[in-house]
Amino acid sequence: MKKFAVVLFILMFALPFGVFAIEEPFGEDPLDVGGIKPFIIHERRFEIGIANINVHFANNFLSIKDVFQDTVYINLDELSKGFKINIGFDMTPIYFNFKAKKGYTIGFSTDIEGIGILNLSGNMLALNEASKELSEMSGAVFASVGVNTSFNVQKFKVKFNPSLFYSLLYVKPPALTYTMSNSNGTILNLGYDLQVYAAVPLENFGENLSLTAKPGFDFCAGVEYPLAKEIGLTKILPFLDFDVSLDFINVPIAASKMYDRMQISGSIGSGSAIDFTRLEDFFDNANGDPVYSNDTEAKVRRPFKMLLSLDWRPLFGSKLITITPVFGFCVNELYAEGNRGSIEAGLNGRLNLANFFIATLGFNYTNRMHVYSLGLALNVRAFEFNIGADLRSQDITKSWTGAGFGLNVGFKFGW
C-alpha cells in the first residue's frame, strides 16, 4: 500500500505542475441565467466550523413498521439472506479555513470517526449446510488532526489534505466461522475469535490509561478541471457546462499501530458428529474468559476511496442548479480479506439560491448501503447552519421503509 500511495502522489502532483494561476472569485451568480443579477451572499474568506456531527444506523432485516407492532414476525426466508448492521458517527469538533484573494486556501481540522460492522451469514442463521463460512463483526474508532489546503495550477484546482490519526479502538475481522453438515451424522461447529485492540491497556482498565498505540499518516487529494469550457463544448452547447473531479480519500502512507489486545476465542461444537446423548460435550470448547496481551501488533488503516465526479450546470452555466453523478470504489480493511473492495456510485442534485439557501438531494450507494439524503443550509455569511437526514439500508427495498437512518448537523462562522 505504501508503494501504491507514492505512485498516486506522483501522478497527482508531478504531472500537472506548471504556471501558478489566480483563482476566479465566486463571481458567477447562482441566480444569473441571463437576466439582471440579484443580490448574492459572498463566500467567507475565513471560516470556523464547530459541532459538525453525522450519525447513522442501518440494517437489512427490520424496518420501523416491523418493530412498532404488538407482535413482531420473523420471516425465516429473509434470515437466509443474512443479517447486516452498520453503525457509525463522524464528529468534527472544530475546524478553521482561510481563503486568500489569490485563490489558495489553508486550514486545519480535528475529527473523531467511529465505524461498526456486523455481517452474519445467512446459512448460519438458517442452519443450512456450509463449510467454514465467515461472519464479520468488526469496528474502529479513529481520532485525527489534518491540514486542509487548495490552490490552482493553471486551470486545475488542486486539493491536498494530509492527516495524522490514531486508532483508539479496533475490532479485528472476522469474528465467526460456521460449519454445518448432515452427511455423516449432524456436524455443527461455531468458532469465534473476538480480538479487540485499544490505544490504552484494557486489563484493569482505568488504572493505567497510558497511550500505547502509535499514530498513522494518510492524506486526501483531488483535482478539479473545467473540462467542458476548456475543450470549447460550452460555446457549441451552452447547457453542457461541467467540471470533472478526481478525489482520493485516506490514501495510506503509514498505518496506526496497536498492541494492547483483549481476545475471547473458542468454539461451540466440534468437527465430529453430535452425540445427542451427551449434549454437554457440545459446549466443552466454549470459553468466555478474556485473555489480555500486548505482544501482537495490529496495523490499522482508514477506509480508502477513489471517486470520479462530474458537476453539470444545465442552466447554461448558472450555479442555480448543479447535477453531480459520482462513481468510484472503496477499500475497507474492516471487512475480511477478499471482501474489502466495494463500488461507490450515486447521483446528487444541488439548488443554490444566491448562496443564501442551499438544498441538496442525493441517491447514492456508499459504504455498501443505499442512501437517500436531503440536506438544507441557511447562509447569512457571518453564520451558516446545515442540517440533513437520510434513509438507508444494505437492502435497496428496505432503504425506503425505515430500516436505517442518518442525521447530520453543523455550524459555520466567519466573514
Please identify the pairs in which a residue from the range 276-298 that is more than 21 Å from Lys257 (Cβ to Cβ) has its Cβ atom under 7 Å from the Cβ atom of a residue that is assigned to a loop (DSSP other than H, G, I, E, B), counting only partners at least 6 apart or on another chain.
Asp281/Asp275; Phe282/Ile274; Asn285/Ser270
Of the residues that sit in the range 104-132 and are aliphatic (A, V, I, L, M) and buried (at least 18 other Cβ atoms within 10 Å of the Cβ), which one is nearest to the chain's Cα centre (by Cα)?
Ile115
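Which of the strands (runs of 3 or more DSSP E) found entirely inside the range 208-261 contain at least 3 residues meeting this: at negative phi and either surrounded by fewer than 20 Cβ atoms within 10 Å (Cβ to Cβ) or within 19 Å of the chain's Cα centre (by Cα) (or both)?
Working: elements: 216-225, 241-254, 256-258.
Passing ranges, in order: 216-225, 241-254.
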Which condition number does Arg350 fail, the rest of (1) modelled with pLDDT of 95 or more; (2) surrounded by 14 or more Cβ atoms within 10 Å (Cβ to Cβ); (3) in contact with a Leu (Cβ under 6 Å, 6 or more places away or on another chain) being met?
(3)
Looking only at the range 227-240, decide whether some residue is in contact (Cβ under 8 Å) with a residue 24 or more places away in the chain, under 30 Å from Ser256 (Cβ atoms) and touching a Ser or Thr at 6+ places or on another chain (Cβ under 7 Å).
no
Log entry, pairs with first residue in the range 134-161 being under 19 Å from Arg301 (Cβ atoms) and free of Cβ contacts under 8 Å to residues at least 12 places away in the same chain, second being of a type in the set (Lys, Arg) and part of a strand (DSSP E or B), beta carbons closer than 9 Å, six or more apart or on different chains, reads none
Out of everything in the range 48-99 that is in contact (Cβ under 8 Å) with a residue 12 or more places away in the chain and in a loop (DSSP other than H, G, I, E, B), what residue ends up being farthest from Ser373 (Cα to Cα)?
Ser80
Taking the condition among the polar types (S, T, N, Q), touching a helix residue (DSSP H, G or I) at 6+ places or on another chain (Cβ under 7 Å) and buried (at least 16 other Cβ atoms within 10 Å of the Cβ), does Ser135 pass?
yes
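Surrounded by fewer than 17 Cβ atoms within 10 Å (Cβ to Cβ) and assigned to a loop (DSSP other than H, G, I, E, B): does that describe Asp281?
Numbers: surrounded by fewer than 17 Cβ atoms within 10 Å (Cβ to Cβ): yes; assigned to a loop (DSSP other than H, G, I, E, B): no.
Criteria not met by Asp281.
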Qualifying residues in the range 284-319 (those that are farther than 27 Å from Ile343 by Cα and of a type in the set (A, V, I, L, M, F, W, C)) - the one surrounded by the most Cβ atoms within 10 Å (Cβ to Cβ)
Leu315
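The values are calculated or read from the model by the stated rules, or taken from the named source; none is laboratory data. The model shown is predicted, which means the values in this text are computed figures rather than measured ones. Neighbour counts run over all protein chains shown; Cβ positions are idealised from the backbone, glycine included.
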